[in-house]
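K.L.:
Input: one structure, supplied below.
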Amino acid sequence: MNLYASILLAAGHAYAAQPLWGQCGGIGWTGDTTCVSGAACVFSNDWYSQCLPSSSTTIRPSSSSSTTRPVSTTSASTSTATGFVDLAVAAGKQYFGIMIDNSDLEKPEYMVIAGNTHIFNQATPGNRMKWDATEPSRNQFSFSAADALVTWAQSGGRQLRGHTLVWHNQLPAWVTNGGFNNATLVSVLQNHVTNVAKHFAGKLKTWDVTNEIFNEDGTWRQSVFYKTIGEYYVDIAFRAAAAADPNVGLAANDYNLDTTNGKVAAYVALVKRLKARGVKITQVGSQAHLTVGQTPSFNSMVSALNSLVAAGVDVAITELDIRMQLPATSAKLEQQKKDYNTAIRACMAVPRCVGITIAGYTDKYSWIQNGAPLPYDENYRPKPAYYGIIDGLKGIADT
Ligand SMILES: *[C@@H]1O[C@H](CO)[C@@H](O)[C@H](O)[C@H]1NC(C)=O
C-alpha cells in the first residue's frame, strides 16, 4: 500500500467495493482491494488484479493454472516481477504488442490489460486498415475507424504497425472481380497504396505493404494482382508506399515462416531482387500462427529468422498465437506454455528480430474459434502460456 492510500485510510476515507470487472489490485493501485458480492479479486498480472464472477473460477478449462500462482497482489511495492514490455525492452527489443480492433476499444474490461503499456506498447490494427475498410468503393476512402485506433495508440505512446496495404483477402469485389487490365490495375494499386499510406504518414513505425503473397512451396499466390500484373505488382506497391511515407518501415508479412522452408526461401530471394532493383524493403514479418505440439523447434525458428535477416532486413513476429484442440487439458496447457516460450526465445535469439505482437491476448476474443490460443483465459486470468512468455522474455527455456 502506498503512502497516499495509507493517508486516506487513516483519515477514515471509505472505499466502495470494486464492481464486477473492476480493478482491485496491482502495482500503483491505490483503490479498494475488495469486490462486490458475487465477485472475487483475482490476480491477473503484476499491474492488475480484477473483480471476476466468483462462480467462474470453477468452470473454465484452464482454471487449474490459476492455482500455480498467487491470486492477489496487494503489496505492490515489494513486487520485483515485470510485464511483457518491461522485459522485452530490457532485452533490447523495441516492443511487445497486440493486434487490436475498434470493437476492443469499446470493452472496458478488455482494455484494462490491452491498454496497459507495461504489457503492450505496440499495436497492429486487426482489420481497419485493410483494403475493404479503407477503400470500399473505387477511390472512396474511409479512414475514421482506423483513425480512432491511431488516436488511442498515440495516447499511450504506442508504436503502430499498419496492416495491410495489399492482400488477396478482405479485398473488395470491385477489385477482385473488376476485370481490370494490367495498366488499369496498376493505377488502381498505386492509387490505393498512395492514398492510404499518405493518410497515415508519420504515424506508423512499419507498414505491412504486402500480406501472404507466396504459397507454401514458394511459388506466387495467384491473386488478382499477380495474375494481372505479374510479380512487379510487389515493386509497385513498395515504391508507392515509400513515396507516400518516406520514413515508415516497409514489410512483407506472411505465415509459415517458422522453418527454413520454400516460402522462407521465396522471401529471401524476393528481398534480394527488390534491393537489387532499388526498391525499399526493411522487414519481413513472421505471423507465427502456430499449433500446440506442432510448433517448430527453437533451432528451426531461429534458422528461419536468421536466413531472412541475412537477406538484409529486420524481422518481427507479427501475429503470434498457438491454438490447441479443445478440450484444454493440463498437459496441453503445459505444452502451449513451452511452445510460446520457444517462439519468444527464437525472437530473443535474433538481434534483428525487433519485437513480438500477439493476435489478441484472451481466449475470450480470438479470431480462432475454440482453440484457446492465447496467454490469458476467457476470464482474463494468465494461463501457463503467460508464464512461458515471461520466461522467454527473460531468456529462460521452459523444457
Ligand atoms: C503488365 O505490364 C507491365 C508493363 O507495364 C509488364 O512488365 C508486365 O509483364 C505485364 N504483366 C502481364 C501479366 O502481362
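K.L.:
Could you tell me how many degrees, from 0 to 90 and to the nearest 10, lie between the Cα long axis of helix 144-155 and the main elongation axis, the longest principal axis, of the Cα atoms of the chain?
P.N.:
It is inclined by approximately 50 degrees.
K.L.:
Please state, to two decimals, what the Cα-based radius of gyration of segment 321-397 comes to when divided by 2.2 N^0.38 Å (N = residues).
P.N.:
Normalised Rg, Cα atoms only: 1.06.
K.L.:
Sticking with this structure for a sec: Find the relative contact order for segment 300-398 and round it to a whole percent, using C-alpha pairs within less than 8 Å whose residues are 6+ positions apart.
P.N.:
For segment 300-398, the relative contact order is 33 percent.
K.L.:
A follow-up question, please. Between the helical axis of 298-310 and the dominant principal axis of the chain, each derived from Cα atoms, what acute angle in degrees is found, rounded to the nearest 10?
P.N.:
Long axis of 298-310 versus the principal axis of the chain: about 40 degrees.
K.L.:
Taking 7 Å along the Cα-to-C-beta vector as the label spot, tell me the residue 138-residue 17 distance in nanometres, rounded to one decimal.
P.N.:
Here the answer is 6.3 nm between the modelled labels.
K.L.:
Further question: For labels at residue 170 and residue 352 in the simple 7 Å Cα→Cβ model, what's the distance in nm?
P.N.:
Modelled inter-label distance: 2.8 nm.
K.L.:
In this model, which of 203/227; 203/263; 107/332; 337/364; 93/198 are farther than 24 Å apart at the alpha-carbon? The partial results should precede the final answer.
P.N.:
Numbers: 203/227 33 Å; 203/263 31 Å; 107/332 29 Å; 337/364 18 Å; 93/198 28 Å.
Result: 203/227; 203/263; 107/332; 93/198 exceed 24 Å.
K.L.:
Return one number: the angle in degrees, 0 to 90 and rounded to the nearest 10, between the long axis of the Cα atoms of helix 384-393 and the longest principal axis of the Cα atoms of the chain.
P.N.:
Taking the Cα atoms of the chain, the angle to 384-393 is about 70 degrees.
K.L.:
Could you check how many percent of all C-alpha pairs in the chain are farther apart than 29 Å? Walk me through the numbers before you get to the answer.
P.N.:
Details: 36275 of 79401 pairs.
It works out to 46 percent of all Cα pairs.
K.L.:
Ok, one more. What ranking, highest mean first, results for peptides 284-292, 194-202 when packing means the other Cβ atoms within 10 Å averaged over each residue?
P.N.:
Numbers: 284-292: 23.8, 194-202: 17.6.
Ranking, from highest mean packing down: 284-292, 194-202.
K.L.:
Among 27-33, 298-304, 334-340, how do they line up from the highest to the lowest mean number of other beta-carbon atoms within 10 Å?
P.N.:
Result, highest mean Cβ count within 10 Å first: 334-340, 298-304, 27-33.
K.L.:
Taking every DSSP beta bridge that has both residues in the chain, what percent is antiparallel when rounded to the nearest 5?
P.N.:
Around 25 percent of the beta bridges assigned by DSSP in the chain are antiparallel ones.
K.L.:
Where the accessible area of the chain is counted over protein heavy atoms with a 1.4 Å probe, how much of it, in %, is carbon and sulfur? Before the final figure, lay out each step's value.
P.N.:
Working: 8130 of 15640 Å².
Using a 1.4 Å probe with all protein chains present, the chain comes out at 52 percent carbon and sulfur.
K.L.:
Same structure, new question: With every protein chain kept in place and ligands, DNA and RNA left out, what is the accessible area per residue of segment 157-267? Probe 1.4 Å, answer in Å².
P.N.:
For segment 157-267, the solvent-accessible area averages 36 Å² per residue.
K.L.:
Please work out the average accessible area per residue across segment 317-373, using the 1.4 Å probe convention, and give it in Å².
P.N.:
So segment 317-373 comes to 36 Å² accessible per residue, rounded to a whole number.
The values are calculated or read from the model by the stated rules, or taken from the named source; none is laboratory data. Everything numeric here is computed off the predicted structure, so don't read it as measured data. All Cβ positions, even for glycine, are placed from backbone atoms using ideal geometry, and neighbour counts span all protein chains on display. What goes into the accessible areas is simple: the full protein's heavy atoms, side chains included, and nothing from ligands, DNA or RNA. Shrake-Rupley method; radii C 1.70, N 1.55, O 1.52, S 1.80 Å.
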